[in-house]
Structures are given as structure tokens and as C-alpha cells.
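The values are calculated or read from the model by the stated rules, or taken from the named source; none is laboratory data. Model, not experiment: these values are computed from the prediction. Glycine also receives a Cβ, built like all others from the backbone with ideal geometry; neighbour counts cover every protein chain displayed.
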């Protein structure tokens, strides 16, 4: 009989089961808190991931489509200076660029003068002429005929149609429009209702901003007034004091001017009526009427003055057939001018603008022009680099792991090697780039910028990962398998290669794939060995100059054009797709073939 | 189960010495694991090594086919002769030796391959079969000897790891006998098995005695008494007593042996 059994009436040491003690409650609270922290951390991580992927994908949509012009033009044999019988080299070299530009300039006769013509030409990509030339070389019978060949639009055209330069709004209008021309080209615009009142208010809002700027300047002058006053008080000679007082008076006058100006501006802004001039800092007010586009240069509540951007049939008298268009960005903040908007919208209304899936992005190599740039070169470069890396890193890594795990004697030297392999995995990758530059390129003369050099460097970087993973996988094979093999008379090598290696292979492959994924996303060491160059040719082997996907992304993000940013984001999506696919394969291999003992 | 006294008597008379071991010492680094072991293991006899845990019986067993070579710190001194040849001679290839001296381990350790592949692996690497038909014959003979043929003949392509524990151990025995060894070393072959599987293995050991010298390490004294004709008792690295099984279990000479078999030490 134990004591506990002998005294059943004694109070139980742990209290009743139903009522939790303070200690228990505290413990439970601590556990709940810990869980809450964990969930919060995971939620934060997921949110960050979603934001990252979301922003990349949203940006990448800009690279998914591109814009083509499909206006008709005549491949005039005179203008091109070639005939269908000319040799292909001559047909290829004919001035298609001029032909394309002239066709567009002819479409918009108001575009006279160098600037206007350059603006027209800037709508079409420079690459269009080469595509057209190639097309004509393949079909020389087209020469002398009228054709509609899709001409790739320039980056800014594409970005405009994507809404990158703001939207073109169409405010409701109620009145009838009357436009009359005058000698100097300005147009007098009047509507029967106060259709421009809202636009006028928007324009006036910017006056407040101007007034604020003036008041800031006035405050600075006020500061100067104070400083000069102090200096005058502290002046030692009468002359110096007077000079300071004079400067103070000047500053006071400037301050008062500025304040008066600001007040005048604010007054103007507050007033309902009045006429405001428009400049490049204001949103653009455009009118579509009489078969053309008019840009307003002055606006009041029911009309104003303007200039024709495209040909307009004048005069327009009390017409209900007009549209008022306003931009959301001022002309000074976009890379398409009002003129270009008018031309593009005219072409679009004619059905001469097509937007389609950007297959070029996957079939073209790099280019200076975003609309012509594609990832094929980088993708193929990455492929060759990965091939070199895999062909070297996998066998070397696996054999090194087998040697270290199965054959090497366990002594200080092998311990030293083991520690250093683990250390190598933590070496910053740029150091491998330096090593590659110094050894592979300078000593062994491996061609610069080539996948061979990149593959060698990435091999160095990937080897530790593969060796560590392979050693872990080999170690996980139970010794009983080795004993069984040795027991029936297999040599150590037979035991390793017939039994241990096949059983360790899923683990080794998993490690290898993860190492390769790491190498695929590596940038720094490749920049060191010159794989950052601008390569227009798709590499056809491991000794051609090449670049790789992550370096391409890095380069594209360096350019100011929004088209490159979109393409870089799209390239990130492609890279991520590959990385996710590789990791999924690694997980699949592990789940499918992993064996537990 | 077995009339050990009779079989032992008839066996010892006709048997020749298979292993002659003299002054065997084994060191694991600084540890002196086996001290001065002298024993003659006879052909076509089941010899049992008994003793408490850590007494060195498994270590000594592994000396016989040089499995200790795989342990870096292990050193073996003394003489071990197999049919008059020194096992530890520099010219002896352990691979050749292990083909002659097969081994079955404590835990069934079939290769994670098909039953057929498990048995065929040894003959294949030793070049014992010229073609598939030869190999089929060898595999069938080995499986029959291991009393497993009838149970697996219809599923030779099934994985060896899918068998039951007792079947796996018999598969390992089949794998060991497939290379036509002369000696079979068994390191506690039934310790991981249930009683029914154990009795099957014991029956099998008794049958294997007709063709091979069998050395078995066991923790179970009953098992030693049931299957062996000769028994060696190890204690703290020393071979305390080596004699006919019947004598060891009925009339041991050394007081330590008596203490062990009566359960006072161990």
C-alpha cells in the first residue's frame, strides 16, 4: 500500500481537473501568444511574397503585347531604287526606313518642319524597316505594289496605348461647337454651353501651386531682409551699414512683388470665369471635330483659342458632332506630344493600329530598342551556361562526395577538406567571379563573355552545394546495405556504385537541381567575367559571346525606357517560372523516390 | 527440438578443421576488444558463439571474413587460417575471401531490389553465371536451400524489402549461399524475428550444416543449445570455454560459463 492510496481524502496535489490553475492559464496564454506570433510572421511573409510577385506580374503585362501599324503603303520601285529582278542583297539594303516615314508623313500633311517630321517618324520603330526589308527579300514580287505590312510601333507608341502616359478622358459635353479660323492659324473655339468650365477649374488649380511657389520665394526674401537688418545693426562703419540697408530694401521690394504676384494668382484661381492660357505644365485640352484634332491654347468657361494638330475642315458651325478630350498628364510629363496623340488616335480610329501578343519577346535577342528586344539570346545563353555547369559540377561533385564519404580515410586532412567545402558554400559568389576572371580567362585563355567561362565559374559556385547534398544523401544510406554488398563479396567500389549511389541518387539529384537553380539565378560572378555585354546574336555554342537571364534583367532595369522595365519584369517571370519548375522537380524527386529506413 | 548430443557426436567425428585461429587479438583504437582467442572451427558443424553483450563475439566473427577491414580503427593480430591459408595474408583479396565466407547479419538487410536481383547479385559480380539460364538455376538453387523458393517463386520480380521479416532473413541467407561459400557466418540472425520465423531460421541452419561450416553468434542460450554442436563462450574479450554444446550446457568447466548459462552474469 502506498501513501497516496492510504490517504484518499487528502487534497489532490494538482487541483481539480476542470478548473485550470493560474500556472496552467499562464502557460496556455504563452502558447497562444507564440502561435499568434508564428501566424503573424507567416502572414507577413505571404503578404510580402504576394506584393513582390504581384508587382512583377503587373509590370510584366506591358511586355505581353506589342503594337503594330497596318497602314497601306506603296513599295515604289523608284523610291527604293530596286526592282524585283535586283539581287537580294540590293533589295535588302534599299531605304525602307525612308519609305515608311514618308508614307506616314504624307498621311499627316500638317507635320511640316524637322521637329514635327521627327515626331511622326518616332511613332514607328527603327526595327520596322529591317522586318519589312526581310519580308520584301523573301517576296520580291511585292516591289512596286501597294502592301499592308504590320510595322512594329516604337516603344513610346506602345507605352501610350498601354496607358502608360495617362488616360485620354472624354468629358461630357452638352453644347454645339463653333470653330472659326483666322489668318495666323489660331482657331477661335466656342461652345453654346459652358462645356469647358470643369476643365478651366482644373487648370486653375495649378495656379494655386504656382502661388505657393511664389510665396516660398517671398519667404526666402523675408529671411534675407532679416539677415541684412541684423548685419546693418552690427555694422562698424556708416558706409557698411548703408550698403546693408540698401540690400535690405531691395529684398523687401522683391518680397512684396512676389507676394503681390502670388495674391494675384490666387485671386485668378478663385474666380469662376476668366480666360487661362495653357502651357506644357497644364493638362492638355483637345477637341475632336471636323475630322481632325484641335489643341486648346487658351480656355474659358465656354470656349477659347486653339491650333489644329491634324487637318480640320473649317469652319465648324454649331456642330453637335464633336468630342472634348483631356489628358490626365501634362504634355511636359509624357514622352508623347499632343500632336503624336492626335496622330495615334487618328490612326487607331482608322483601324491602322493593332495590338497583339508579343511573340518577339520570346523569339528575339537583345536590342537597343525595347520594342525589338527579346529574351531568346539570354535564355539560350543561360541554357548553354547551365549545360556546362551541370556537365562539370554533377560528376565532379558526386565523385568527390563518394570519395569523401566512402573511401577517404578519416583523418585531419580530410576533416580540413570537409570544413573547407562547407566554407566554400558560404563564399560570396562575386569572389568566384574574380577567381574565374583571374584563372579561367587570364591564365587559361577561356573566351570572355562565353557560356564556357560562365559555366566554369558557376561550377565552382555550385560544387560545394552538390558535394554537401550528395554527402548527406550518401550518409543517409544505411550501413547495412554496404555490409550486405561487402558480405557477398562486392568490392568497395562495387558496393558504392551498385548499391549506395543508386539509393542516394534522389537526394543527390535534389541537391543538384537546387544548386543549378541557384546558378541559374546568379548574376554577380557572370558580370565579373564579362557576360554583361550587349549581345544581339543568339549564341550557338559554349564559346560564343552570350549573356544570361538574370544579367539581362539587370541590364534592362538599367535603361530609362519604360518598355525595358516591362520586359525586365517579364524576364523575371520567365526566370521565376524556370526556378519554380526546377524546385518542383526537386520536390517531386524527393517525394517520389525518397526511401526511409 | 533437436537432439543436440547425438548430432554433435556424429558430427565431430567426421569433421575437419575449417578455421584455425591462434592468439587472435583485436584492437579498436586503444580498446583491446579480443584477447588471445584460440579456436578451431570445424567443417559441416554449427558453432555457436555465446556471451554477454560487448564480450567480443561479433567482433571475432567479423574477423573471420575480414569485415573489420571496413572499420578504420580496427586492428587484428594473430593467425586465422582458412583451410590452412592465412586470411590476413597481404596477398589475400578480402573480396575473394568473402565469396568463400558468406555472412548473414543481425537485421535482415535485403537490397531494395527484386528478390531475383538480391540473390543474383553475388553470382553476377563473381562471374559465376555465363548466361541468364545459368543465373536462373543458381538463384533457384539458393532460394531452395534457404527454404524460400516455394514462397517466392511466383514473385521473383517483387521487391525484396516487401517480404516479411523472416522471409527477408531467409532471402539474405539465400543471397549468402548463392555465391557457393564454404563457411556461413551468422551474426544473431534471428534476434530481430518473431518466434515462428526464428524456428524456421533454426531449422534452416540445421539443414545448412550438411553443406557448410556455420558459425552463429547468438544471445539466446536456448538457440545455441538447439542448433549448435560446438559452443564457444566469450567473456570480456576472452574465449572462456570452447567445447561440445552438450558439455557446455550440462557440465561447464569454467565457473564463469556456469554463471552465464544459469543467468547469474550477462
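Of all residues in region A:440-476, count the ones that are buried (at least 22 other Cβ atoms within 10 Å of the Cβ) and within 14 Å of another protein chain (Cβ to nearest Cβ).
So the count comes out to 0.
Could you list, in sequence order, the residues of region A:202-211 that are out of contact with any helix residue (DSSP H, G or I) (no Cβ under 6 Å at 6 or more places or on another chain) and surrounded by 13 or more Cβ atoms within 10 Å (Cβ to Cβ)? Quick ask: steps written out before the conclusion?
Going residue by residue through region A:202-211, those that are out of contact with any helix residue (DSSP H, G or I) (no Cβ under 6 Å at 6 or more places or on another chain) are A:202-203, A:205-206, A:209.
Listed by number, the residues that qualify are A:202, A:203, A:206.
Looking at region B:130-148, is at least one residue in a loop (DSSP other than H, G, I, E, B), away from chain A (no Cβ under 14 Å) and in contact with a helix residue (DSSP H, G or I) (Cβ under 7 Å, 6 or more places away or on another chain)? Give the derivation first.
In the first step, residues of region B:130-148 are kept if they are in a loop (DSSP other than H, G, I, E, B); the result is B:130-131, B:146-148.
Narrowing further to those that are away from chain A (no Cβ under 14 Å): B:130-131, B:147-148.
Narrowing the set further to residues that are in contact with a helix residue (DSSP H, G or I) (Cβ under 7 Å, 6 or more places away or on another chain) leaves B:147-148.
Yes, region B:130-148 contains at least one residue that is in a loop (DSSP other than H, G, I, E, B), away from chain A (no Cβ under 14 Å) and in contact with a helix residue (DSSP H, G or I) (Cβ under 7 Å, 6 or more places away or on another chain).
Being within 29 Å of residue A:417 (Cβ to Cβ), surrounded by fewer than 18 Cβ atoms within 10 Å (Cβ to Cβ) and either away from chain B (no Cβ under 14 Å) or more than 32 Å from the chain's Cα centre (by Cα) (or both): is that true of residue A:479 here?
Values: within 29 Å of residue A:417 (Cβ to Cβ): yes; surrounded by fewer than 18 Cβ atoms within 10 Å (Cβ to Cβ): yes; either away from chain B (no Cβ under 14 Å) or more than 32 Å from the chain's Cα centre (by Cα) (or both): yes.
Against the criterion (within 29 Å of residue A:417 (Cβ to Cβ), surrounded by fewer than 18 Cβ atoms within 10 Å (Cβ to Cβ) and either away from chain B (no Cβ under 14 Å) or more than 32 Å from the chain's Cα centre (by Cα) (or both)), residue A:479 qualifies.
Just wondering, is there one or more residues in region A:195-209 that are in contact with a strand residue (DSSP E or B) (Cβ under 9 Å, 6 or more places away or on another chain) and assigned to a loop (DSSP other than H, G, I, E, B)?
yes
Within region A:317-332, which residues are out of contact with any helix residue (DSSP H, G or I) (no Cβ under 7 Å at 6 or more places or on another chain) and free of Cβ contacts under 8 Å to residues at least 60 places away in the same chain?
The answer is A:321, A:330, A:332.
Residues of region B:79-122 being without any contact (Cβ under 8 Å) to a residue 24 or more places away in the chain and at the interface with chain A (Cβ under 7 Å from one of its Cβ atoms), which ones?
Passing the criteria: only B:95.
Does region A:400-417 hold any residues that are touching a helix residue (DSSP H, G or I) at 6+ places or on another chain (Cβ under 9 Å) and either in a helix (DSSP H, G or I) or more than 14 Å from every other protein chain (Cβ to nearest Cβ) (or both), and which are they? It would help to see each step written out before you state the result.
Keep residues of region A:400-417 that are touching a helix residue (DSSP H, G or I) at 6+ places or on another chain (Cβ under 9 Å), which gives A:400-402, A:404-408, A:414, A:417.
Scanning region A:400-417 gives A:400, A:401, A:402, A:404, A:405, A:406, A:407, A:414, A:417.
Only one of these conditions is not met by residue A:488: (1) modelled with pLDDT of 90 or more; (2) within 14 Å of another protein chain (Cβ to nearest Cβ). Which number is it?
(1)
Out of A:379, A:435, I need the residue that is surrounded by fewer than 19 Cβ atoms within 10 Å (Cβ to Cβ) and in a helix (DSSP H, G or I). Which one? I'd like the intermediate steps shown before the answer.
Details: A:379 fails: surrounded by fewer than 19 Cβ atoms within 10 Å (Cβ to Cβ).
It is A:435.
What is the one condition in (1) closer than 20 Å to residue A:524 by Cα; (2) touching a residue at least 60 places away in the same chain (Cβ under 8 Å) that residue A:439 does not satisfy?
That leaves (2) as the condition not met.
Return yes or no: is residue A:329 over 20 Å from residue A:181 (Cβ atoms), part of a helix (DSSP H, G or I) and touching a strand residue (DSSP E or B) at 6+ places or on another chain (Cβ under 8 Å)? Walk me through it before giving the result.
Details: over 20 Å from residue A:181 (Cβ atoms): yes; part of a helix (DSSP H, G or I): no; touching a strand residue (DSSP E or B) at 6+ places or on another chain (Cβ under 8 Å): yes.
Judged against the criteria, residue A:329 is not a match.
If you scan region A:493-511, which residues turn out to be closer than 28 Å to residue A:462 by Cβ and either facing chain B (nearest Cβ under 8 Å) or touching a strand residue (DSSP E or B) at 6+ places or on another chain (Cβ under 9 Å) (or both)?
Here is the first cut: in region A:493-511, the residues closer than 28 Å to residue A:462 by Cβ are A:493, A:495-511.
Scanning region A:493-511 gives A:498, A:499, A:503.
In region A:349-360, is there at least one residue being away from chain B (no Cβ under 14 Å), outside any helix (DSSP H, G or I) and free of Cβ contacts under 8 Å to residues at least 60 places away in the same chain? I'd like the intermediate steps shown before the answer.
Step one: filter region A:349-360 for residues away from chain B (no Cβ under 14 Å), giving A:349-360.
Filter once more, so that each one left must be outside any helix (DSSP H, G or I): A:350-359.
Now drop any that are not free of Cβ contacts under 8 Å to residues at least 60 places away in the same chain, which leaves A:359.
Within region A:349-360, one or more residues are away from chain B (no Cβ under 14 Å), outside any helix (DSSP H, G or I) and free of Cβ contacts under 8 Å to residues at least 60 places away in the same chain.
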